[in-house]
Amino acid sequence: MDTVRLYIRSMGMLLRSHLQYPASFVMQTLAQLVMEAGEMMVVILVVDRFEKLKGWTGGNLFFFFGLMSVSFYITEFFGRGITGDFPSMVRTGKLDTILLRPRGVLTQVLCSGMDPRRITCIAVGTVALIMGSRMSGVEWSALKVLALIESIGMSCLLILGLFMIESIFCIHSVKSVELVNAITYGGRSACQYPIDIYPTPLKVMFTVLAPFALTLHVPAAWILGKPLYGWPIWTVFVTPLSGAAVFFIMTALFHRGMRYYRSTGS
Amino acid sequence: MSYIEVDGLKKTFTVKKKREKGKLLREKQTVEALKGVSFSVEKGELVGYIGPNGAGKSTTVKILSGILTPDGGKANVGGRVPWVDRKEYVKHIGVVFGQRSQLWWDVPIIDSFSLLKDIYKLSSGDYEKRLKELKDALQLEELLRTPLRLLSLGQRMRAELCGSLLHRPELLFLDEPTIGLDAVSKIALRDFLKWENKENGTTIMLTTHDMEDIAALCSRVMVLGHGQKLFDGKLPDLLERFDTVRTVSVKYDGTDISLKVPEGASVSQKDNEFFITYCPKEIPTARLLVALQDAGTISEMTLQPENIDHLIAAMYKELDL
């Protein structure tokens, strides 16, 4: 409970820090809106050009896009410490400061970054999600809402876990490793479409390495009324847990990595 | 057993060298930052830790504050090993880096302090009492509502000190605390540290390049160079060992001066002023004076003790640092 309280208080403080520069905050938030709306334009154009994509209707595509956007940007909103700031924390020695405090390293890293500018991206995602569900004629039930919430929550953990790979490299090499972006930002771009449109190697990658197929695709398909291969309904609730699994594995590796932390000079 | 016990502390870093021409891989080089440093510090002591850049001072501080794990050796601070159970250990220590801020940049400092209260899980009563004590001693009252980024360096350093002492640490590390401060701020900082040490019995260990800090604060000084401890004792004893050279400046009436000084002393001349550097242990001062008087009529003469910074420089040179 203490940790939650600390996190909420830290977030309040960070929000106030951001609002110290109101003009810059508004401009950047609008810039994010333009960027994310541009991403959505691409989907609109695809839907406009092809009525169906391997059996998925336009509405379905919006739904997938919305689900990915909401998950990804919620993660960036609340998890900025891991998704963006960690490399600079290592480089500037802020991590030393964190190590001097009697709280968990990961807790404090998460407490020291947020990105409220992403709110517009989350809004765009939500609009796409609603549009997609209307166009696909989804009949919502309590179970479907639950599946949606679980899918978003687990995808957030998965994305956080994937960004932690970069953090772990960072602890060793001090520099950030851009290569890892291939599965984080790359994963977002690829998996905002239904994953079964891709060739097998990519399907395997997004099922085993970065299991967006399990956290997003399976529940989304069920919500849209297209269950996979007639799998039983419980799979919809069990497969997304792989997101949590990735997160916990990465957390363990992160703590292992911290043992080899070597700090920077001063 | 002493409060801090350090025995044979070792730390090596691997540094990748720049890739040489015609070689595929970069060569690795190991740098020994600490080669078996041992010392002990009693509770309530105020110890200065000096040495040239790269001597291993910061590495020692980082190991003793639990940030780094050493490659060898033992350390025990108040019955705890710094790098084992970090979370429990850091509750009892405070660290201030002169070049690095630990408070939140964009918010009023009182907000930073109140978040630190949550981080250290302090009770409201303890926190209020301690904050009052510290803000009086550090004259922070008027600054509490100001964001850190708007404070001057001296004000910021006072805020940092307050932040790292809120949880009443038994031990305080200061890594170059007076760097970049003006004379008034330096004196205020030293006075505060003396007060904290006396009033709360806090053990203080500070690294610095400013010998005035050591002279004003520390009863004991340790010299580190090339990852080894070279001296451990009182500052006057350290100075005595290297305080060997005196400089005399002499002005004469008239211009036709032929000065012959005893063997071993060196002379330099600027306009009509002579500077004679000699070692009183080798050449008695009386003998030098006779030689100076023989050369002409002295109009002005000053005898200067060596500047403390020069002494340290001479010591580093003699110890080949």
Exercise. Using the scaling law 2.2 N^0.38 Å as the reference, what is the normalised Cα Rg of region B:51-116?
Worked result: 1.34
Problem set entry | Dipole magnitude of the protein assembly as shown, debye to nearest 20 (Cβ charges: Lys/Arg +1, Asp/Glu -1, about Cα centre) | 2200 debye
Problem set entry | Pairwise label distance in nanometres, A:V26 with A:L228, each label 7 Å out on the Cα-Cβ vector | 4.6 nm
Seminar exercise, completed: For B:H226, B:H167, ascending order of other Cβ atoms within 10 Å (fewest first) is B:H226, B:H167
Problem set entry | Hits among lysines - C-alpha to C-alpha of A:K54 under 23 Å, sequence gap 8 or more where chains match | A:K203, A:K226
Exercise. Which lysines have a Cα less than 17 Å from the Cα of B:K10, not counting those fewer than 8 places away in the same chain?
Worked result: B:K35, B:K57, B:K62, B:K74, B:K229
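Would you please give the FRET efficiency between B:E273 and B:V184, computed as 1/(1 + (r/R0)^6) with r the Cβ-Cβ distance and R0 = 35 Å, to the nearest 0.05?
On the way: r = 34 Å, r/R0 = 0.97.
Computed FRET efficiency for B:E273 and B:V184 comes out at 0.55.
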Seminar exercise, completed: Simple SL model, points at 7 angstrom along Cα→Cβ for A:L19 and B:T14; separation in nm is 4.9 nm
For this session: With a point put 7 Å past each Cα toward its Cβ, work out how far A:R91 is from B:S152 in nm, to one decimal.
Result: 3.3 nm
For this session: May I ask you to derive the FRET efficiency for B:W195 and B:V84 from their Cβ-Cβ distance with R0 = 35 Å, giving the value to the nearest 0.05?
Result: 0.60
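Whole number please: convex hull volume per residue of the Cα set in region B:4-240, in Å³?
On the way: hull volume 37.3 nm³, N = 237.
Hull volume over Cα atoms, normalised by residue count, gives 158 Å³.
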For this session: For chain A, calculate the relative contact order in percent as a whole number, restricting contacts to Cα pairs under 8 Å that are 6 or more residues apart.
Result: 25 percent
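Given charges of +1 on the Cβ of Lys and Arg and -1 on the Cβ of Asp and Glu, with all other atoms neutral, how large is the dipole of region B:50-104 about its Cα centre, in debye to the nearest 20?
On the way: 8 positive and 3 negative charges, 18 e Å.
So the dipole magnitude of region B:50-104 works out to roughly 80 debye.
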Exercise. What is the local net charge at B:S152, summed over the other residues whose Cβ is closer than 15 Å to its Cβ (Lys, Arg +1; Asp, Glu -1)?
Worked result: +1
Problem set entry | Projected-area mean, chain A, by convex hull of Cα positions, square nanometres | 15.5 nm²
Exercise. Assuming a viscosity of 0.692 mPa s and a temperature of 37 °C, what translational diffusion coefficient in µm² per second does Stokes-Einstein assign to the protein assembly as shown, Rh being the Kirkwood radius over Cα pairs?
Worked result: 115 µm²/s
For this session: Considering the options A:T3, B:V41, B:V96, tell which one lies farthest towards the positive end of the dipole of the protein assembly as shown, charges being +1 on Lys and Arg and -1 on Asp and Glu at the Cβ, about the Cα centre.
Result: A:T3
Problem set entry | Compactness index (Cα Rg / 2.2 N^0.38 Å), region A:120-161 | 1.29
Exercise. Looking only at GluC sites (Glu not before Pro) in DSSP loops with at most 15 other Cβ atoms within 10 Å, what is the longest site-free stretch of chain A?
Worked result: A:140-266
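Mean shadow of region B:244-305, computed from the convex hull of its alpha carbons, in nm²?
Numbers: hull surface 15.2 nm².
Mean projected area of the Cα convex hull: 3.8 nm².
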For this session: Name the longest site-free stretch of chain A, where the excluded sites are trypsin sites (Lys or Arg not before Pro) in a DSSP loop with no more than 10 other beta-carbon atoms within 10 Å.
Result: A:55-258
Exercise. Say the dipole of the protein assembly as shown comes from +1 at the beta carbon of Lys and Arg and -1 at that of Asp and Glu; which of A:Y261, B:S185, A:T215 then lies farthest toward its positive end?
Worked result: A:T215
Exercise. How large are Rg and Dmax for region A:1-134 when only the alpha carbon atoms are used, in Å?
Worked result: 18.3, 57
Seminar exercise, completed: Whole-Å distance linking the alpha carbon centroid of region A:38-75 with that of region B:253-271 is 92 Å
For this session: Name all residues of region B:237-273 having a backbone nitrogen under 11 Å from the label point set 7 Å from the Cα of B:H310 along its Cα→Cβ direction, giving them as ranges.
Result: B:244-249
Problem set entry | Calculated FRET efficiency for the pair A:I249/B:L25, C-beta based, R₀ 25 Å, to 0.05 | 0.20
Seminar exercise, completed: Out of B:I283, B:G296, B:V250 - ranked by how far each Cα lies towards the positive end of the dipole of region B:244-305, with unit charges on the beta-carbon of charged residues - the top one is B:I283
Exercise. Which lysines, on any chain, are close to B:K129 with Cα under 28 Å apart, when same-chain ones fewer than 8 places away are left out?
Worked result: B:K43, B:K87, B:K91, B:K117, B:K121, B:K186, B:K194, B:K198
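Quick note: the coordinates plus some simple rules give every number you see, no bench work behind them. Fair warning: this is a prediction, and the values are worked out from it, not measured in the lab. Counting neighbours? That spans all protein chains shown, and the Cβs are built from the backbone with ideal geometry, glycine included.
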